[in-house]
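The values are calculated or read from the model by the stated rules, or taken from the named source; none is laboratory data. Remember, predicted model here, so these are calculated numbers, not experimental data. Cβ: placed from backbone, ideal geometry, glycine included. Neighbour counts: every protein chain shown. Ligands, DNA and RNA are stripped out before the accessible areas are found, and what is left, the full protein with its side chains, is counted by its heavy atoms. Shrake-Rupley method; radii C 1.70, N 1.55, O 1.52, S 1.80 Å.
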Amino acid sequence: MTNLTVEQWVAEIASLTTPDAIVWCDGSSREWNELSEALVESGTLIRLNPALRPNSFLARTDPGDVARVEDRTFICSTNQEDAGPTNNWREPVAMKTLLRGLFKGSMRGRTMYVVPFSMGPLNSPQARFGVEITDSAYVVLSMHIMTRVSKLVLDKINLGAQWVPALHSVGAPLIDDEGNTKADTTWPCNVEKYIAHFPETSEIWSFGSGYGGNALLGKKCMSLRIGSALGRDEGWLAEHMLLIRLTSPTGKNFHIAAAFPSACGKTNLAMLRPNLPGWQLGTIGDDIAWIAPDSNGRLRAINPEAGFFGVAPGTGYKTNPVAMETLFANTLFTNVALTDEGDVWWEGMTEEIPAHLIDWTGNDWSADSATPAAHPNSRFTVSLEQCPTIDPNWDAPEGVELDAILFGGRRATNVPLVVESRDWQHGVFMGATIFSEQTAAAEGVVGTLRRDPFAMLPFCGYNMGDYWQHWLEVGQALEPQNRPKVFQVNWFRKSADGKFLWPGFGENTRVVEWIARRLQGEIDAREVAIGRLPKLEDLNLTGLTIAPEALEELFKVDSGAWKVEADLTEEYFAQFGQRLPAEMNTQLELLKSKLAS
Ligand code: GTP
Ligand code: SPV
Ligand code: MN
């Protein structure tokens, strides 16, 4: 943690990056209006038709800056072992030297914004503070929505609260080394990108990208990578999880957190509109949960964010009506298509495809175009408060008591619709072994199956083996009856002809209903090698047409395929060496022996 005051740090960075002006941000609507108008003027934002979508804007990024850049993301700990085999490591002193070189003069001709923000309600014991310095006004606007930007944060820091210095530059100075002025572009960025984290000093340096998790530093950088390292040291968990309240017809509340890899359905489940009579859902968070033991010996969770940065494609009135209703106004869209009426469109938003659009690259588009109108990772940025299903306790400083944790991924094969773990240790094993098909949320080949333990592969700020150990310890410190129950779900299993076996979306209610009934101890389950499956008669299928063969396929546990999976797990675990918790091997052996019998 830095000993500098915010003023000292800002002065130091200003003398390094040499901006034209420094603006201290306060998160006010006046600031929003001024910055958004200036960005419309300069062409970075397009104001949408106010009659259709008031106070909403479209940004089109540089085509080379459209997603998180995982191979440019670094964990800079003194020892490489502490970053572990799943992270890109750099030695901190060398990295700082390299970064200082890049940041030198990087804000010439631009304004440097100082954005004090809180992750979590300002008065929550679980909240953590940060200050982002950025030369992107688009980032400031996004931070307004995604975090709590307030000068009150500076008061807290002045009174001694810890804070994370988070430095960001798009790396596109408007004056070159010879003093010549360059014309600005609508999406300045740099081909060279570094998203660097220093967990030992809780610092973030991000260079070259203006997009999403690369640039909105409160999100993945602070709330997950720095947050997970803080959580390890302080006894809590920073997780890539949605957070919901589920209420049964008899009024019993269940709080559920779920970790699915990027673009695997968190926002959709967080906004589920239950389609079974009497069940209700409250949205608390859609991407990140901070979980800590409380004085009652239970785990409590908050959503540290204040907004949604959600995937646009696939979001429509049929799949996610709650999201569609959330986006009625005050929304920042990035890389979606523009309609002739001045509104937005993306694949999957409506069944009817508009005859003409301007696509995310700014070109004319028609239904017979070869490329999608919206980028596959195009997104909406909108306040949680606009969500019609927002939970009344979504910003309660004390958070909510956690009853269940779900792990999921995109698996065309093997993984059943839902499996319950036998106990906490088995649940940690389930989380540690998640395999998922890669999506467009990060640069890389879409569809490749990769391990994404706890959906944290790109987000864990320290050695993944230590992280599993920390999970084991946090759970074991709780009385067994106080531990959340752990489940694995998979909405994405496919038939031999490549079709999804499960309708998903609103129909996932049937799965969470079963989970809630298990939590209440109302029903039994079926023991199999990989855990506990529903008895088919307990799964509420009223009103759903699904072929009996599809249902059977959804719950099929092919022991041959699972033996192969167990062997792959053994190979995967080997890379962690001494850092692999012994319990993980115990669980693997248990799985193998159950598969053999
Ligand atoms: P990040 O914001 O990247 O962390 O993604 P996310 O986990 O919040 O995923 P999101 O809910 O935005 O869904 C990603 C994509 O998966 C979208 O195109 C959705 O339409 C699709 N999707 C979500 N839930 C389901 C489901 O139950 N079944 C199917 N087939 N697709 C789904
Ligand atoms: C994810 O990729 O998990 C996201 C989008 O939520 S980003 O903020 O860009 O990381
Ligand atoms: Mn995410």
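For 519, 246, 568, give me the order by solvent-accessible area with a 1.4 Å probe, most accessible first, ignoring ligands, DNA and RNA.
Highest to lowest solvent-accessible surface, that is 568, 519, 246.
If ligands, DNA and RNA are left out, what is the accessible area of residue 524 with a 1.4 Å probe, given in Å² to the nearest 10?
Counting only protein heavy atoms, residue 524 exposes about 100 Å² to solvent.
Rounded to two decimals, what is Rg over Rh for segment 229-369 when you use alpha-carbon atoms and the Kirkwood radius?
Value, to two decimals: 1.07.
Counting only helical runs of four or more DSSP H residues, what would the 222 nm mean residue ellipticity of the chain come to if each run contributes -39,500 (n - 2.57) and the total is spread over all its residues?
Dividing the helical sum by the residues of the chain leaves -7500 deg cm²/dmol.
Work out the FRET efficiency for residue 184 and residue 597 from their Cβ-Cβ distance, taking R0 = 60 Å, and round it to the nearest 0.05.
Calculated value: 0.35.
Each label point is 7 Å from the Cα along the Cα-to-Cβ direction; what then is the distance between the points at residue 446 and residue 558, in nm?
Between residue 446 and residue 558, the label points sit 2.5 nm apart.
For the chain, take the longest principal axis of its alpha carbons; what is the angle in degrees between that and the long axis of helix 29-42, to the nearest 10 within 0 to 90?
Once rounded, the angle reads 70 degrees.
Once the Cα atoms of helix 464-476 and of the chain are each reduced to a long axis, what angle between those two axes, in degrees from 0 to 90 to the nearest 10, is obtained?
Approximately 60 degrees, to the nearest ten.
Between segment 516-561 and segment 328-407, how many Å separate their Cα centres?
Value for the Cα centre distance between the two parts: 33 Å.
So, with a 1.4 angstrom probe, what is the percent of accessible area on segment 140-282 that is carbon and sulfur?
51
If you find the alpha carbon centre of segment 12-84 and of segment 200-271, how far apart are they in angstrom?
20
Where does each of 18-31, 376-389 land if you order them by average Cβ count within 10 Å, highest first?
In decreasing order of mean packing, 18-31, 376-389 become 376-389, 18-31.
Taking R0 as 25 Å, what's the FRET efficiency between residue 94 and residue 578 from their Cβ-Cβ distance, rounded to 0.05?
The formula returns an efficiency of 0.45 here.
Kindly report the accessible area of segment 1-85 per residue (heavy atoms of protein chains, probe 1.4 Å, no ligands, DNA or RNA), in Å².
Per-residue accessible area for segment 1-85 comes out at 49 Å².
Using every alpha carbon pair in segment 78-166, what percent of pairs falls into each 5 Å bin from 0 up to the bin containing the largest distance?
Whole-percent P(r) values from 0 Å outward: 3, 12, 17, 16, 14, 19, 15, 4, 0.
Considering only DSSP beta bridges whose two residues both sit in the chain, what percent are antiparallel, to the nearest 5?
That works out to approximately 65 percent antiparallel.
Please determine, in degrees from 0 to 90 and to the nearest 10, the orientation of helix 559-574 with respect to the longest principal axis defined by the Cα atoms of the chain, where the helix direction is its Cα long axis.
40
Of the accessible area of segment 308-386, with the probe set at 1.4 angstrom, what percent is carbon plus sulfur?
55
Please work out the Cα center distance from segment 572-597 to segment 423-484, rounded to the nearest Å.
Here the two parts' Cα centres lie 15 Å apart.
Run the 1.4 Å probe and let me know the accessible area of residue 152, rounded to the nearest 10 Å².
Per-residue accessible area (residue 152): approximately 100 Å².
Tell me the per residue accessible area of segment 308-386 using a 1.4 Å probe; a whole number in Å² is fine.
39
Which percent of the Cα-Cα distances in the chain go past 47 Å?
More than 47 Å apart: 11 percent of the Cα pairs in the chain.
Quick one: if the Förster radius is 60 Å, what FRET efficiency do residue 155 and residue 414 give, using the C-beta to C-beta distance and rounding to 0.05?
0.70
Taking the Cα atoms of segment 308-386 alone, what are Rg (to one decimal) and Dmax (as a whole number) in Å?
That works out to 11.9, 38 Å for Rg and Dmax.
Please work out the average accessible area per residue across segment 497-597, using the 1.4 Å probe convention, and give it in Å².
Per-residue accessible area for segment 497-597 comes out at 51 Å².
Using the basic label-point model (7 angstrom from Cα toward the beta carbon), what is the residue 536 to residue 524 distance in nanometres?
Going from the residue 536 label point to the residue 524 one covers 1.8 nm.
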